Amino acid sequence: MFTGIIEEVGRLDDAAPVAHGRRLRISARTALHLTPGQSIAVNGACLTVEAAKGERFEVVAIPETQRKTTLGMLQPGALVNLERAIAMGARLDGHLVQGHVDVQCLITSVQDSGRERLYEWEVPASFGAYMIQTGSIAVDGISLTIARLCGLHMTVAIIPLTYQNTNAHTWHVGTRCNVEFDLMAKYVGRHLALSNST
C-alpha cells in the first residue's frame, strides 16, 4: 500500500525484454534503502524489487502490467516517480493507493496560471463512475484531487512543489499517464453494479 506522496524521481537507465516481461533498471538514491522482495511504486505501478545495488535497482514489469500501464513503452532516460510501500502506523499524507493501475489516459489540455498548472484527461466511459468532484485520484503514482469534472473529463491542479518534485514537469498534451481510481469508489461501484444486476 502507498500514499501517493512521491519520494524521489528516478531515471530509467535500461529496459530489456526477459522471459517473463520487461526488466527495468532504475537509478535513484531510494535504491540505497531497498532489498529484493520489497514493493516499490514506479509511476504508480506496484512492482517487486528483484535486485538493488548502490543507487540502482531492478524490477520486472510482467505482460499484464505492461498492458495496463505505461511501463511497457518507457524508453531509457525517462523520469519515473518512485514511492516505497508505506510502513504501518506512518502518517498518511496523501490517500490510500494500492499501486494497481486501472487505465492509461492521455492528457488533453494543459493550462498554466503561474500559481498552478491545470491538467485534463479524458477517462474511458467504463471508469466514469469512479470520479467525483474533489475526490482522490492517483496519476503516475501522485496523490491528487479532482478539481474539475465535466462528463468524462477530469482536471487536476498541480502546485509548484509537486510540479518540481515529480515527473509532472515532463507532462504535456498527448502524454499518456497511469491512473488509479480511489479504492472506496471502486468498491462502491462494484457493489452498485452487482445490486443492479439482481
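Remind me, what semi-axes does the range 1-99 give for its equivalent ellipsoid, largest first in whole Å, using sqrt of 5 times each Cα gyration tensor eigenvalue?
21, 15, 12
Distance between the C-alpha centres of the range 35-70 and the range 102-165: 24 Å, rounded to the whole angstrom.
Share of Cα-Cα pairs in the range 111-198 beyond 20 Å, in percent? Present the calculation step by step, with values, prior to reporting the outcome.
Details: 1365 of 3828 pairs.
Summing the P(r) of the range 111-198 above 20 Å gives 36 percent of all pairs.
Based on Cα contacts under 8 Å between residues 6+ apart, the chain shows a relative contact order of 24 percent. A 1.4 Å probe run over the chain, with the rest of the protein chains in place, finds 51 Å² accessible per residue. Solvent-free Debye calculation, one equal scatterer per alpha-carbon of the chain: log10 I(q)/I(0) at 0.07, 0.13, 0.14, 0.15 Å⁻¹ equals -0.20, -0.69, -0.80, -0.91.
A cut-off under 15 angstrom between Cβ atoms defines the neighbours of residue 122, and their net charge, with Lys, Arg +1 and Asp, Glu -1, is 0.
The three principal axes of the Cα atoms in the range 69-162 give end-to-end lengths of 36, 34, 34 Å, sorted in falling order. Please build a GNM for the chain, connecting alpha carbons under 10 Å apart, and tell me which residue among 77, 128, 89 fluctuates the most. Of 77, 128, 89, the Gaussian network model singles out 89 as fluctuating most. Put a dot 7 Å past the Cα of residue 48, heading toward its Cβ, do the same for residue 126, and the two dots end up 2.7 nm apart.
Percent of accessible area on the chain owned by carbon and sulfur, 1.4 Å probe?
Numbers: 5420 of 10150 Å².
Solvent-exposed carbon and sulfur of the chain make up 53 percent of the total.
Per-residue ellipticity at 222 nm computed for the chain from its helices equals -4000 deg cm²/dmol, with DSSP H segments shorter than 4 residues left out and the rest contributing -39,500 (n - 2.57). Between residue 113 and residue 196, residue separation times 0.36 nm minus the direct Cα-Cα distance comes to 25.6 nm.
Once the Cα atoms are used to define both axes, helix 183-197 deviates from the longest principal axis of the chain by about 50 degrees.
Nothing charged except the Cβ atoms of Lys and Arg (+1) and of Asp and Glu (-1): what's the magnitude of the dipole of the chain about its Cα centre? Round to the nearest 20 debye. Don't skip to the end; give the middle numbers.
Working: 17 positive and 18 negative charges, 37 e Å.
Here the size comes out at about 180 debye.
The values are calculated or read from the model by the stated rules, or taken from the named source; none is laboratory data. Only a predicted model underlies this, so the values are computations on that prediction, with no experimental measurement involved. Reconstructed Cβ throughout: ideal geometry from the backbone, glycine too, with neighbour counts over all protein chains shown. Ligands, DNA and RNA are stripped out before the accessible areas are found, and what is left, the full protein with its side chains, is counted by its heavy atoms. Shrake-Rupley method; radii C 1.70, N 1.55, O 1.52, S 1.80 Å.
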